[in-house]
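See below for the structure under consideration.
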Amino acid sequence: MRAILSRAPVGIAVIDYDGHYISVNPAYAEIYGYADEEMIGRNFMMIFPGESQAAVMIRHQDFLNAGAPFSGEWNVVRRDGERRVVWASSVSFPSGNGRPYRLVYVLDITDQKKAQEQERIAATVYQTTSEAIMVIDANQRIIAVNPAFTRLTGWTFAEVEGRNPRMFRSERHDEAFYAEIARVVEAEGVWAGELWDQRKSGEHYLRETTVTVVKDALGQVKNYVVVFSDITARKSAEDIIRWQANYDSVTGLPNRHMFGDRLAQGARQAAESGKTMALLLIDLDRFKEVNDTLGHSAGDRLLAKISARLRESERPGDTIARIGGDEFALILTDVADASEVEAIARGVLGHFETPVKIDYELVFITASVGISLYPGDTQSLEELFRNADQALYAAKGFGRNCLHFFTPVLQRAANTRMRLATDLRQALAEQQFVVHYQPVIDLKTGRIVKAEALLRWNHPTRGLVSPGTFVPLAEEAGLIVPVDDWVARQAIAEVARCRRLGVADFQIAVNQSPAQFRSAAFDGIGWVQELSRQGLDGSAICIEITEGLLLNAEPLVLANLIAFRDAGIEIAIDDFGTGYSSLAYLRKFDIDTLKIDRSFVANLEGAGLDICEAIIVMAHRLGLTVVAEGVETERQRNVLKSIGCDYAQGYLFSQAVSAEAFEAMLVEQMGGASADERWKESAE
């Protein structure tokens, strides 16, 4: 018997009533990590966790007292502390001491239990996963599907059991596509990818699929496991995101991101072919006025219609893109020479000759085009873009509605602008600016009653720089606010000196940049304090603004205009009649003065006379005064006076002069007394 027990593969032990081992075989001892002699005489509680030992001892003795066979699973602890699960079956038999012994048979089922748990988990996953699972046998017959398969495809297992999965194929892939899948599965044992299938309803859907081969011990194909999910919505969302990342939502054209990729691609193509690539930057002229008058929605529709026209200039291989608000770019590839580029560019301008209909409005819009060639002008794409931008700047300067090629002269001009912009930052600190004053004449009396303050820049090396050159630079550099503020303070001080000369109610007009009114850094209240410090009220200053500022009177602009109005400072519209003139705006913003643009004054022999007369009559009906600019002849003065114009300024009377020269003119007008003498007289 001992020989049999020692060779038995099942653990066998004899335990007395008090729980001590009477006998164990090697298989039993091995289950718990002991030698059999180490266990003899010890209490079998040694193999149980401490927290369960008391309960196990009670069950042990209850079993022996009852005498009925017993079997079950137990959680035990090996000598090395590892926890295991065993199955044990027990019977009792009498002993020589009057109390029964227990004979126990033990099998270690830990690995089996783990396998069962894994199977249970796998079955749970199979049943509950959101991914569809289909199992196919080696003969391409469906032998199992999970619930997610039915939810996704609409087919139940009963409807597909034993059938070939070809039944799900859509018509979007050819046989070669499926043959390639079969080849990869056979060669590599797995295929993963995307394919279109159809549901039971006939609806096509895109699925992300993995096909895995399951082989038996001999390496023969046993099953194919197909796991897939519906990614139609996700792919659609990804396509939308990809489209939004590369295309403009208003026009549908490639955006700036894709433009950069296409430009680089065109450069590589030009390098390989030896041909030329051209970059055309196309900017709509005065597009902002369309937004201001018709609204941004109409502006977007205009951009969409313009882009459709521009596409007509797009040849195969070319790219038309929207790279900014009203700026487009056309990349021309494989062009022979500049004459071909010019012909295409003129065709682009031709698309703007016909007005665009927006609702019930006909919108006349023009464009300016700047052109640079690669590699003729440069081999740097960044510089190519700058060159085209400089050419566009030149086209705008030539009056718009035209095209301009990049030239080295433009480069030098751009460099000059850049250096001037740098110098401009030092000009204010180093007191390089000076204010000149142009007299404004009362046409009834012929006397100087007002003046316009005009800024001049006395550059240390370039001499006097034109305001038309440096004012746009100051706006671009964000310096216009401190510059205009400095001009206003100079003008306020000059008004005080002129009034001390005896010119009652003397007023100076100060030009204000639209950029200043839109700047959060602008503080018009400082002017009011300066007026008070000089002993003046708001009527001493008149602010000259453009009609365009009123058309785009956002809250910040409106707040600044109201601040001036509340301080008693008058407001004049400069160059009136050249923009979108509106009586509603004149009343809404309580305008005081209209300044007739010099172009109408210069044409008093023709249509200018009717325009000037209409402006004067309208202004007087609204209680506004009128100043005519650019008066250069006696006839112009006389005509303006005869049609009721209030004031005039121009070279007929005087050009803009320094403060000293201007005060001398007032002294002469007043009879020769100096400002200091008149100040003493008024003090006495």
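The values are calculated or read from the model by the stated rules, or taken from the named source; none is laboratory data. Values in this document were obtained by computation on a predicted structure and should not be read as measured data. Virtual Cβ from ideal backbone geometry, glycine too; neighbours counted across all protein chains shown. Quick note on the areas: whole protein, heavy atoms, side chains included, nothing else; ligands and nucleic acids left out. Shrake-Rupley method; radii C 1.70, N 1.55, O 1.52, S 1.80 Å.
Taking the structure as given and computing Kirkwood radius over Cα pairs in Å, which label from (1) 29.5; (2) 35.4; (3) 32.8 fits? The listed entry that was calculated here is (2). Exposure check, 1.4 Å probe, all protein chains in place: Arg120 carries approximately 130 Å² of accessible surface.
Return the subset of Lys288/Lys588; Lys450/Lys588; Lys595/Lys641 for which the Cα-Cα distance in this structure is over 24 Å, preserving the input order. Could the numbers behind the result be given before it?
Working: Lys288/Lys588 21 Å; Lys450/Lys588 26 Å; Lys595/Lys641 15 Å.
Violating the 24 Å Cα-Cα cut-off are Lys450/Lys588.
Across every direction, the projection of the convex hull enclosing the Cα atoms of the stretch 283-380 has a mean area of 6.6 nm². For the chain, the dipole from Cβ point charges (+1 on Lys and Arg, -1 on Asp and Glu) about the Cα centre works out to 1700 debye, to the nearest 20. Placing R0 at 60 angstrom, the Cβ-Cβ distance between His459 and Arg315 gives a FRET efficiency of 0.80 after rounding to 0.05.
Accessible surface comparison of Leu464, Leu302, Leu479, probe 1.4 Å, protein chains only, largest first: the order is Leu464, Leu479, Leu302. Figure note: Tyr105, Tyr17, Tyr32 ranked by solvent-accessible area, largest first, 1.4 Å probe, ligands and nucleic acids not counted: Tyr105, Tyr17, Tyr32.
Label-to-label distance, Val184 versus Arg256, with points set 7 angstrom from Cα along the beta-carbon direction: 3.9 nm.
At an R0 of 60 angstrom, the distance between the Cβ atoms of Thr407 and Glu660 translates into a FRET efficiency of 0.90. Taking 7 Å steps out from each Cα toward its Cβ at Thr633 and Lys215 produces label points 10.4 nm apart.
Give me the base-10 log of I(q)/I(0) for the stretch 149-200 at each q in 0.16, 0.26 Å⁻¹, Debye formula, one uniform scatterer per Cα, rounded to two decimals. For the stretch 149-200 at q = 0.16, 0.26 Å⁻¹, log10 I(q)/I(0) is -0.58, -1.10. Model label points for Gln116 and Arg172, set 7 angstrom from Cα along the Cα-to-Cβ axis, are 4.6 nm apart.
Among 402-408, 185-191, how do they line up from the highest to the lowest mean number of other beta-carbon atoms within 10 Å? Show your work: numbers first, answer last.
Details: 402-408: 19.0, 185-191: 13.0.
Ranking the peptides 402-408, 185-191 by packing returns 402-408, 185-191.
For Ala308 and Arg59, the difference between the fully extended length at 0.36 nm per residue and the C-alpha to C-alpha distance is 80.6 nm. The distance from the alpha carbon centre of the stretch 360-409 to that of the stretch 80-99 is 98 Å, rounded to a whole number. Accessible area of Thr232 (1.4 Å probe, protein heavy atoms only, ligands and nucleic acids ignored): about 50 Å². Straight-line cross-link partners of Lys235 among the lysines, defined as a Cα under 29 Å from its Cα and at least 8 positions apart when in the same chain: Lys200.
Calculated FRET efficiency, Leu103 to Thr124, Cβ-Cβ distance, R0 = 22 Å: about 0.05 to the nearest 0.05.
Reducing the stretch 44-72 and the stretch 174-205 to their Cα centroids gives an inter-centroid distance of 59 Å.
How would Leu218, Leu531 rank on accessible area, largest to smallest, probe 1.4 Å? Working shown, then result.
Details: Leu218 150, Leu531 5 Å².
Sorted by accessible area, descending: Leu218, Leu531.
Taking all protein chains together and rolling a 1.4 Å probe, Leu454 ends up with roughly 40 Å² accessible. The phi-based Karplus calculation (6.51 cos²θ - 1.76 cosθ + 1.60; θ = phi - 60°) puts the 3J(HN,Hα) values of the stretch 635-642 at 4, 4, 4, 5, 5, 4, 5, 5 Hz, whole numbers, x for Gly and Pro. Legend: Rg and Dmax of the stretch 36-169, from Cα coordinates, 25.1, 80 Å. Projected onto the charge dipole of the chain (+1 at Lys/Arg Cβ, -1 at Asp/Glu Cβ, origin at the Cα centre), which of Gln431, Gly33, Ser380 gives the Cα projection farthest towards the positive end? My answer, from the dipole projection, is Gly33.
At the listed q of 0.24, 0.27 Å⁻¹, the Debye profile of the stretch 431-504, built from one uniform point per Cα, gives log10 I(q)/I(0) equal to -1.11, -1.26. From the alpha carbon centroid of the stretch 440-456 to that of the stretch 226-296 is 54 Å.
When the helix-only estimate is applied to the chain (DSSP H runs of n ≥ 4, each -39,500 (n - 2.57), divided by the residue count), what is the mean residue ellipticity at 222 nm, nearest 500 deg cm²/dmol? When only DSSP H runs of four or more count, the value is -13000 deg cm²/dmol. PRE reach from Arg79 (point 7 Å along Cα→Cβ): which of the stretch 15-52 fall under 13 Å by backbone N? The answer is 26-40, 47. Annotation for the stretch 153-183: GluC sites (Glu not before Pro) lying in DSSP loop with at most 10 further Cβ atoms inside 10 Å of their Cβ are Glu171. Could you do me a favour and compute the accessible area per residue for the chain, 1.4 Å probe, result in Å²? I get 51 Å² per residue for the chain.
Of Asn139, Val617, Thr407, which is farthest along the charge dipole of the chain in the positive direction, counting Lys and Arg as +1 and Asp and Glu as -1 at C-beta? Farthest along the dipole direction, towards plus: Asn139. Length available on full extension from Gln244 to Gln140: 0.36 nm per residue minus the Cα-Cα distance, which gives 33.2 nm.
Here is the result for the stretch 156-224: no trypsin sites (Lys or Arg not before Pro) lie in DSSP coil with at most 10 other C-beta atoms within 10 angstrom of their C-beta. Of the solvent-accessible surface of the chain, computed with a 1.4 Å probe over protein heavy atoms with every protein chain present, carbon and sulfur atoms account for 51 percent.
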